[in-house]
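These notes concern the structure reproduced below.
Laboratory data are not the source of any read-out in this text; all were calculated from the coordinates shown. In this text the structure is predicted, and so the values were computed from the model without any measurement. Every residue, glycine as well, gets a Cβ built from its backbone with ideal geometry; the counts of neighbours run over all protein chains shown.
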Amino acid sequence: MSKELKSWLLLVLLALVWGSSFILMKKGMYTSDGVDIFSDRQVASLRMVIAGLVLFPFAARSFVKLKDFKTLLFLMIVGLCGNFFPAYLFTYAVTGVSSGLTGMMNSFVPVFALSIGFLFFKERLTKVQLIGVFIGVVGVILLMFAGSNIEMKGDWTHLTAIVMATLCYAVSVNVIKYKLKHLKSVELAALAFLLILVPSAIIGYSEGTVGVILNNDFAFQGLFYISILSVLGTAIALIFFNHLISISSVLFATSVTYLIPIVAAVIGFYHGEKLSLFQVVSVFVVLSGVFVANYLGKIKK
């Protein structure tokens, strides 16, 4: 399989996985009838702890690489910005913003990633790539307005949490691409989670997660969805994403966030929500932006 084909397959796979992650967060927090199970911080803590435990055997084999101070520092940045902070920020955000809108706002990542790459890592872009990014952003905005599942019961803090999470992701992606090339994707994911495993466990315990597991009748139902989110949507997906960054560009890898809203719209349609012609057109605009930025832009470079 060629590197280019593998990159596109990984991009689509990650979009499918992460496009459903916001729904899984909510299912970990509430039953279908709206009964509370875990709080947003409990869900985030469980997600980090479960993913960290799944990856721990790989971290143990790569532990020797933490002796390099620079590697340790950059891994800490990736662990915090790529996993720890966004986990808590996104679970807080979905308590006040619909999963559809959260997924759409996640598309800020490429814009932030390109800006950070340009300012701090001397990344250069062609005019065609910039046009592609602009088209993708326009498409996401159109999809946002066209979405029938968009609702917001929170306030500006929930929206700010999403923006901060996407900024964190952008920092992490650039550090992975430019400072941690020497690590394999599995090693990178495992060691990053190893560094945040204990803080996540401490927060989870202090938030009373154990008590909920022991006393809430729906705890195991919530844990089922959180486990899927942790294993597939976090541990395994992160390994794939790290590999995608290593074989492609920051722009291409972060384009997954343009596709996530499309998956969210399809999931909404599957659950009985109407899919309007406006939404279909918006999806094609998004896909056009991804194509221009990552295919035509590459040719023109």
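Taking R0 as 30 Å, what's the FRET efficiency between LYS6 and PHE220 from their Cβ-Cβ distance, rounded to 0.05? Walk me through the numbers before you get to the answer.
On the way: r = 37 Å, r/R0 = 1.24.
Once the sixth-power term is evaluated, E becomes 0.20.
With the simple model of a label 7 Å out from the Cα in the direction of the Cβ, VAL138 to ARG61 spans 4.8 nm. Working note: Karplus 6.51/-1.76/1.60 with θ = phi - 60° gives region 244-260 the couplings 4, 4, 5, 9, 9, 10, 4, 4, 5, 4, 6, 5, 4, 6, 6, 8, 4 Hz, where Gly and Pro are set to x. For GLY28, the shell of other residues with beta-carbons less than 13 Å away shows a net charge of +2, using +1 for Lys and Arg and -1 for Asp and Glu.
Over the C-alpha trace of region 1-80, radius of gyration and Dmax come out as 17.4, 50 angstrom.
Protection proxy ranking of 191-203, 62-74, 79-91, by the mean of other Cβ atoms within 10 Å over each peptide's residues and highest first, is 79-91, 191-203, 62-74.
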